[in-house]
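Each reported figure results from applying straightforward, stated rules to the coordinates on display, with no laboratory input. In this text the structure is predicted, and so the values were computed from the model without any measurement. Cβ: placed from backbone, ideal geometry, glycine included. Neighbour counts: every protein chain shown.
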Amino acid sequence: MDSIVVRGNGPLSGQIPIAGAKNACLALMPATLLSDEPLTLTNAPRLSDIRTMTELLASLGAEVTALQDGKVLATSCHGEINPVADYDIVRKMRASNLVLGPLLARLGHAVVSLPGGCAIGARPMDIHVDALSALGAEIELKDGYLHAEAKGGLKGAVHELRFASVGATENFLMAASLAKGTSVLKNAAREPEIVDLAKCLRAMGAQIEGDGTSEIVIEGVDRLHGATHPVVADRIELGTYMLAPAICGGEVECLGGRIDLIESFCEKLDAAGVSVEQTHTGVKVSRKNGRIRAVDVVTEPFPGFPTDLQAQMMALLCTAEGTSVLEEKIFENRFMHAPELMRMGANIEVHGGHATVHGVEKLKGAPVMATDLRASVSLILAGLAAEGETVVSRVYHLDRGYERVEEKLKGVGAHIERVKAS
Ligand code: UD1
């Protein structure tokens with residue numbers, strides 16, 4: 001397995017291009033199952049999770065061709081469709097569950113394995129099941145697979161999610177787009193990736209209003225047609241790279257970044273002593289004078305602080321002046337990076353959903369292990385702030401969600417190398 005070697009760094013300077021959002025693209029790709037005409041996605045990120053979704057869609061009978069070095073995905077689904085999403089592929093990635101809604105809508109039945117993905121909590125499927133059942137599907141769990149059937153097709157309905165789940169909102173949006181009649185989803189997730197999916201579905205002929213708010217209204221249509229859609233910028237990749245100059249000093253512009261996608265995160269950076277500015281071309285970040293200040297962080301659904309930036313923010317706060325408390329409200333087991341950061345000299349106490357970070361002057365390089373996608377990049381960021389060398393192993397997690405991470409960080413002067421497994 002590859003590892004990444006990082007050496008403590010001085011100030012960074014230059015530009016980092018931000019890719020299309022992994023989480024948006026993973027919801028957009030299954031939308032191809034809704035139509036027999038081609039769906040083309042531009043600004044796609046080049047990641048192993050995207051390849052996993054490509055493999056899953058191919059197993060269902062869709063075609064996904066990566067063009068322009070993977071930046072454009074030409075998809076279509078005009079032939080026979082296999083309704084079974086197999087465990088062997090689904091276990092690699094939780095977002096595989098996003099084929100459930102589209103398969104049900106197009107075929108009236110689907111058999112989808114329960115997903116795997118990052119080991120950051122139990123991550124059940126009950127909210128998806130309730131949402132699709134509201135549209136008239138009968139869903140049963142048998143031998144690790146969800147067997148879903150909508151005899152006579154899906155029917156529009158009013159449904160309130162018990163929690164604003166991103167994936168369940170996406171499944172509902174796609175299914176309701178082809179259901180008979182009007183659907184209203186209450187307590188819907190408001191993440192920018194939902195807005196991006198709704199935009200794409202509208203381009204395919206769907207009638208959707210209210211995306212980006214907690215009540216979405218969908219008027220079902222008989223069929224959807226082809227479209228070309230640009231994937232929104234990745235706000236999590238953006239936030240991650242914004243932390244590099246915050247940690248090392250210097251000034252970096254994240255090209256294509258949009259502050260409006262991560263306002264709550266930017267507010268915390270400002271409070272910590274990092275200056276953030278929207279430019280015509282992206283987001284410019286530099287560290288204000290002096291040491292980073294401690295700040296408290298609570299992760300919440302959008303527009304709150306994103307759980308997917310909690311680990312990276314912790315890496316920054318490890319060397320802040322004072323004590324920060326991070327509260328994780330989305331996933332119950334998302335502090336696995338804390339013990340690894342402690343191997344580097346961080347002073348962190350974890351109690352249930354809270355982590356208390358007592359800032360230390362300096363971190364020290366150490367061998368550490370990536371436990372999930374965002375944890376792995378937090379260790380790289382911490383390595384940039386540490387004295388000496390940090391070796392991050394198990395970086396396959398990283399490749400699921402960050403394209404060319406070493407190249408992007410090297411481009412602004414970071415000392416980072418990938419060591420290929422022999
Ligand atoms: C998506 C993102 C992920 C991000 C998360 C929260 C993708 C591909 N992934 O994941 O990076 O961390 O949103 O912003 O877009 N839950 C249930 N039952 C369900 C569904 C969810 O209890 O049926 C719980 C989960 O265990 C978790 C919480 O709800 O504790 C949030 O999950 P959800 O919003 O559904 O996240 P994902 O869509 O899986």
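A few remarks follow.
- Relative contact order, percent, segment 22-230 [alpha-carbon distance under 8 Å, six or more residues apart]: 20
- Farthest toward the positive end of the dipole of the chain, out of Val72, Ala95, Leu398, is the Cα of Leu398, where the dipole comes from beta carbon charges about the Cα centre.
- Placing +1 on the Cβ of every Lys and Arg and -1 on the Cβ of every Asp and Glu, with no other charges, gives the chain a dipole of roughly 640 debye about its Cα centre.
- Put in line by how crowded their Cβ is, counting other Cβ atoms within 10 Å and starting with the fewest, Leu41, Leu100 read Leu41, Leu100.
- Cut-off 13 Å (backbone N to label point 7 Å along Cα→Cβ of Val298), residues of segment 250-289: none
- Loop-resident sites, segment 112-210, for trypsin sites (Lys or Arg not before Pro), counting at most 11 other Cβ within 10 Å (DSSP): Lys151, Arg162
- Ranked list, fewest to most other Cβ atoms within 10 Å of each Cβ, for Tyr402, Tyr396, Tyr241: Tyr396, Tyr402, Tyr241
- Normalised size of the chain, defined as Cα radius of gyration per 2.2 N^0.38 Å with N residues, equals 0.98.
- The label-point distance for Arg162 and Lys420, in a model that sets each label 7 Å from Cα toward Cβ, rounds to 4.9 nm.
- Its Kirkwood hydrodynamic radius, worked out from the mean inverse distance over all distinct Cα pairs, puts segment 266-422 at 16.1 Å.
- Debye log10 I(q)/I(0) for segment 195-344, one point scatterer per Cα, at q = 0.17, 0.21 Å⁻¹: -0.99, -1.29
- FRET efficiency, Lys362 to Lys288 (Cβ-Cβ, R0 22 Å, nearest 0.05): 0.70
- Calculated mean residue ellipticity, 222 nm, the chain: -8500 deg cm²/dmol, from DSSP H runs (n ≥ 4) at -39500 (n - 2.57) each, averaged per residue and rounded to 500.
- Against the empirical 2.2 N^0.38 Å (N residues), segment 22-230 has a Cα radius of gyration ratio of 0.91.
- Förster-model FRET efficiency, 25 Å R0, Lys329 and Glu267, C-beta, rounded to 0.05: 0.90
- Looking at segment 182-237, the pairs of alpha carbons with a distance over 16 Å make up 45% of the total.
- With 10 Å bins from 0: P(r) over segment 78-200, alpha-carbon pairs, percent: 14, 47, 34, 5
- FRET efficiency estimate (nearest 0.05) - Cβ-Cβ, Gln68 to Lys151, R0 45 angstrom: 0.60
- Cβ-to-Cβ counts within 10 Å put Ser214, Ser422, Ser96 in ascending order as Ser422, Ser214, Ser96, the fewest first.
- Segment 1-121, Cα convex hull volume normalised per residue, Å³: 137
- Percent RCO, i.e. relative contact order, over the chain, from Cα pairs under 8 Å lying at least 6 residues apart: 21
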